[in-house]
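Coordinate-derived values only; no laboratory data. Quick caveat, the model's predicted, so the values are computed rather than measured.
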Amino acid sequence: MMQASLTYDSGVMTLTFKRARDTGDDKDWKFSNSDSDCYYFMYPVGGGPHSDTDISKHSSMPTISEQKICISKSTLTTIGRG
């Protein structure tokens with residue numbers, strides 16, 4: 001089960017969420033202590049048009065992490081592009 005919250009303050013919309021490291025869904029990414037479960041992450045910036053009931057795609061290309069990010073229970077590590 002995912003927990004999510006959305007805030008809008010001073011023109012900035014922020015979505016925060018938490019979910020299980022392994023949801024049991026084959027379509028979800030699984031986060032484990034294995035280097036094979038490390039991923040590149042996208043960081044959207046420069047939002048797009050929105051209203052109270054609708055949002056649109058970002059107006060600029062998201063930034064992509066330069067290294068893979070591994071999310072384990074105890075630490076956050078990165079793995080360089082190979």
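The table below lists the values:
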| quantity | calculated |
| --- | --- |
| Within straight-line cross-link reach of LYS18, aspartates and glutamates at Cα separation under 14 Å, skipping those fewer than 8 residues along the same chain | ASP28 |
| Residues with amide H under 5 Å from that of THR23, placed H, sequence gap 5 or more | none |
| For the range 36-44, Karplus couplings with θ = phi - 60° (6.51, -1.76, 1.60), whole Hz, Gly/Pro x | 6, 10, 10, 9, 7, 10, 9, 10, x |
